[in-house]
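So the structure is just underneath, and the comments pick up after that.
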């Protein structure tokens with residue numbers, strides 16, 4: 001008598017294979033963030049139906065890690081539906097698709113385009129624009145401010161006096177971003193007394209070390225970052241018009257005739273106490289979340305001929321006493337003095 005043979009293991013293997021082939025097409029299509037608008041009811045608006053189907057196809061491709069297809073579908077959505085209520089949603093996933101493909105410039109451009117759609121200078125928390133701004137900030141912190149700059153880098157340098165003439169900083173920065181400016185260089189403190197002639201003395205960021213004219217960086221930095229622009233702060237260390245200089249930090253220079261020592265109005269940047277003080281001020285400046293610090297070069301000549309008692313002691317500690325008199329200039333060893341001071 002023949003006994004029926006049950007091939008359950010073989011059958012189960014066939015069912016498992018079929019499920020493995022079918023289930024990837026059933027990936028959850030919901031994005032990781034809430035939609036820009038409530039999902040439209042199918043059949044009510046044919047245009048919204050078409051947008052929904054296109055986004056679902058893009059989501060499916062993204063979930064299956066088919067990023068070239070996902071970016072192509074999302075780019076088609078962005079180009080074909082510029083007035084769609086789900087445009088921000090599409091731009092976000094377009095940027096994420098580019099990022100997954102390793103196309104950083106395209107991803108940054110898509111993130112910036114998304115941030116630029118925010119009606120406020122600072123996007124609403126939880127929105128796609130807000131998440132895009134966080135992504136840009138993450139790139140800026142991990143890769144440096146140059147990661148925010150595309151092939152053509154354009155920086156605009158403004159003095160403190162020029163900032164005072166701008167009535168609406170947010171609007172003006174948005175116009176600069178539209179014009180292609182990628183970075184702002186902002187004076188962090190008031191200019192030297194000779195240059196400014198009048199006006200308050202102090203800096204434009206929050207600190208307890210020196211007088212604060214106003215906290216201008218609190219507005220400029222987040223507004224510029226929201227538009228994908230880098231912000232660099234400029235600080236004059238040779239002629240610090242933003243602070244009251246300790247007389248011990250001053251420098252003198254002998255005139256060319258009777259060798260009389262005369263104060264020249266500059267600060268000895270080699271003085272340890274001055275360097276320590278500047279370091280503390282710079283720490284407060286960096287807390288404003290700027291992308292870098294620009295230290296201006298000397299605007300006037302004479303750096304090699306100037307000296308102070310402190311820098312002189314430092315020099316003699318290395319090379320030994322070599323001046324004829326402590327009341328004379330550094331002429332006997334000017335070449336060595338100039339080289340050491342420049343290197344230091």
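Going through (1) at pLDDT below 85; (2) within 28 Å of residue 140 (Cα to Cα) one by one, residue 67 falls short only on (1). Could you tell me whether residue 252 is in a loop (DSSP other than H, G, I, E, B) and modelled with pLDDT under 85? So residue 252 fails the test. Filtering 329, 325, 311, 234 for residues that are modelled with pLDDT under 65 and surrounded by 14 or more Cβ atoms within 10 Å (Cβ to Cβ) leaves a single hit, 329. Of the residues making up segment 196-204, at least one is at pLDDT 90 or above, surrounded by 15 or more Cβ atoms within 10 Å (Cβ to Cβ) and under 19 Å from the mean Cα position of the chain (by Cα).
The residues listed here are 57, 106; of these, the one that is surrounded by fewer than 20 Cβ atoms within 10 Å (Cβ to Cβ) and within 20 Å of the chain's Cα centre (by Cα) is 106. Would you say residue 287 is more than 30 Å from residue 137 (Cβ to Cβ), at pLDDT 80 or above, under 28 Å from the mean Cα position of the chain (by Cα) and surrounded by fewer than 17 Cβ atoms within 10 Å (Cβ to Cβ)? For residue 287, the condition - more than 30 Å from residue 137 (Cβ to Cβ), at pLDDT 80 or above, under 28 Å from the mean Cα position of the chain (by Cα) and surrounded by fewer than 17 Cβ atoms within 10 Å (Cβ to Cβ) - is not met.
The values are calculated or read from the model by the stated rules, or taken from the named source; none is laboratory data. Just so it is clear, the structure is predicted and the values come from calculations on it, not from any experiment. Positions of Cβ are backbone-derived with ideal geometry, glycine not excepted, and every protein chain shown enters the neighbour counts.
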